[in-house]
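The values are calculated or read from the model by the stated rules, or taken from the named source; none is laboratory data. These numbers come from a predicted model, not from an experiment. Positions of Cβ are backbone-derived with ideal geometry, glycine not excepted, and every protein chain shown enters the neighbour counts.
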Amino acid sequence: GGSPAKNINEKNTFVFRSPPEMVKVLLDAGFDVVSIANNHIMDFGVYGLQQTKKILKDNQIQYVSADGEIAQLFVKGTKICFTGFSFSYGKRSITNYDNVFREIEEISKNCDILVVSFHAGAEGVGATRTQNKTEIFCGENRGNSVLLAHGAIDSGADLILMHGPHVPRAIELYKGKLIAYSLGNFVNYGWTLKGETKIAPLFLIELYQNGTVKQINIHSFIQQRPGYPEFDRNNSAFKLIKKLTEADIKNDGLQFKQL
């Protein structure tokens, strides 16, 4: 609901929303936690944000937000916490590195494993590379993904999941903790399904109780038509992430094996 909070006639301005009944798809897929810390959550103003939160709460799906709301799960006696950050949101912006790292340090004191979601980085088919530098896109500071991820782990995070570029990026083991520099698109509109934007990885990550990685499986899907990821027999997501990791990340002990 609500009305667009942006002038959609301006260049490079996009607004997104989904029908409330789409929450059933999240339930059917088994989602326990989602991140709504991104650059489109306010596309339909405060009303759109409040409605999104209400629908998730009503369906017992936890969320992390740019407002600082966190989620918690207990799995076999292990307390797992989730938090999320995006850009352009005041003191919690990913460009305010010290504030972000202090908050992560505080949250980590009260959980066994901390998962951090960052909405960061430039976008599109030209944005697959991971570089240790600030990324500017459409005039916006989209943060330094490497600095963010390393600093977050140094501050107590155990797993870093990044999104925003709309394409897969490299993965890294840093101090035994996994960083996925971009998960890419999984379900998306047709007009963005070009090149690497249609490659859809699904990660299955197993962690030890201390947050270090036990095993990572990358399942490859692809979107050949809007809104329908399909199993990819060519294993494109795995191959692309392997290629990007070998190109962008120094030897960190990761070994890729195609099953």
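Summary table below
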| item | result |
| --- | --- |
| Positions within segment 162-177 being part of a strand (DSSP E or B) and either over 28 Å from K79 (Cβ atoms) or in contact with a Gly (Cβ under 9 Å, 6 or more places away or on another chain) (or both), in sequence order | M162, H163, P168, L173, K177 |
| Subset of segment 68-103 that is among the charged types (D, E, K, R), exposed (fewer than 15 other Cβ atoms within 10 Å of the Cβ) and out of contact with any Cys (no Cβ under 8 Å at 6 or more places or on another chain) - its residue that is nearest to H119 (Cα to Cα) | K91 |
| Of all residues in segment 108-134 being free of Cβ contacts under 8 Å to residues at least 60 places away in the same chain, buried (at least 20 other Cβ atoms within 10 Å of the Cβ) and touching a helix residue (DSSP H, G or I) at 6+ places or on another chain (Cβ under 7 Å), the one that is nearest to L173 (Cα to Cα) | V116 |
| Total residues in segment 101-121, condition touching a Lys or Arg at 6+ places or on another chain (Cβ under 7 Å) and hydrophobic (A, V, I, L, M, F, W, C) | 2 |
| Residue count for segment 225-259, restricted to those that are out of contact with any Asp or Glu (no Cβ under 7 Å at 6 or more places or on another chain) and in a loop (DSSP other than H, G, I, E, B) | 17 |
| Of residues in segment 37-79 being touching a Ser or Thr at 6+ places or on another chain (Cβ under 7 Å), hydrophobic (A, V, I, L, M, F, W, C) and closer than 30 Å to N210 by Cβ, the one modelled with the lowest pLDDT | A66 |
| Which numbered condition F186 fails, given (1) out of contact with any Ser or Thr (no Cβ under 6 Å at 6 or more places or on another chain); (2) modelled with pLDDT of 95 or more; (3) aromatic (F, W, Y) | (2) |
| Residue that is nearest to the chain's Cα centre (by Cα), among those in segment 47-82 that are basic (K, R) and either assigned to a helix (DSSP H, G or I) or within 13 Å of D32 (Cα to Cα) (or both) | K53 |
| Segment 205-230, subset of a type outside the set (S, T, N, Q) and in contact with a Lys or Arg (Cβ under 8 Å, 6 or more places away or on another chain), residue surrounded by the fewest Cβ atoms within 10 Å (Cβ to Cβ) | E206 |
| Meets criteria (farther than 29 Å from C138 by Cβ and either of a type in the set (D, E) or part of a helix (DSSP H, G or I) (or both)) for V23 | yes |
| Residue list for segment 240-254, filter: touching a strand residue (DSSP E or B) at 6+ places or on another chain (Cβ under 8 Å), at negative phi and either surrounded by fewer than 18 Cβ atoms within 10 Å (Cβ to Cβ) or aromatic (F, W, Y) (or both) | D252, L254 |
| Any hit, segment 135-147, residues being in a loop (DSSP other than H, G, I, E, B) and loosely packed, with under 15 Cβ neighbours inside 10 Å | yes |
| Unique residue being within 26 Å of F82 (Cα to Cα), buried (at least 22 other Cβ atoms within 10 Å of the Cβ), among the aliphatic types (A, V, I, L, M) and at pLDDT 95 or above when the list is L178, L202, L161, L173 | L178 |
| Failed condition for Y63, given (1) surrounded by 15 or more Cβ atoms within 10 Å (Cβ to Cβ); (2) within 25 Å of A170 (Cα to Cα) | (2) |
